[in-house]
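**Student:** First the structure, then my questions, so here it is.
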Amino acid sequence: SSSPDGSFTFQVQSNGNTANGGVNIDPTPETMTINVNPSPALGTLTPATATNGTSYSGTIPITGGTGPFTSLSTPGLPADLSAAINGTNVVITGTPALADSGVTFSVSLDDANGAVATSSNYSLTVS
């Protein structure tokens with residue numbers, strides 16, 4: 001199941017245990033906070049159009065998650081284009097050809113906590 005992002009604070013208090021004969025040696029409640037970080041998500045490729053034979057640079061923003069982001073995978077990305085993580089963006093660069101137009105590719109990456117962001121059906125229109 002999923003849980004909302006945010007901080008959750010609660011108190012824990014011991015009621016004793018067998019190691020100390022069941023006597024509560026510290027009756028003061030302790031406050032604990034658990035932070036639930038948002039999973040990483042991938043935005044829209046911008047720009048989604050390129051010119052045949054002309055240098056191209058596009059970005060896909062990464063939101064949520066905890067950097068640094070790693071393990072970038074781009075199955076289906078045409079060979080004349082490459083992808084790299086630059087901070088909170090996936091940057092697609094290269095010189096596209098007309099044959100690249102309409103090719104669909106996916107992007108996947110991990111954040112520092114091991115959470116995975118995957119998005120498919122990116123395409124670049126080349127004219």
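**Student:** So for the stretch 18-127: antiparallel DSSP bridges make up what percent, rounded to the nearest 5?
**Tutor:** Antiparallel bridges: around 90 percent, rounded to the nearest 5.
**Student:** What are the ³J(HN,Hα) couplings of the stretch 96-113, residue after residue, when phi is run through the Karplus curve with 6.51, -1.76, 1.60 and θ = phi - 60°? Round to Hz, x for glycine and proline.
**Tutor:** Going residue by residue, I get x, 10, 4, 5, 7, 4, x, 5, 9, 9, 10, 9, 9, 7, 10, 9, 5, 9 Hz, with x marking Gly and Pro.
Quick note: the coordinates plus some simple rules give every number you see, no bench work behind them. Since the model is a prediction, treat every value here as computed from it, not as a measurement.
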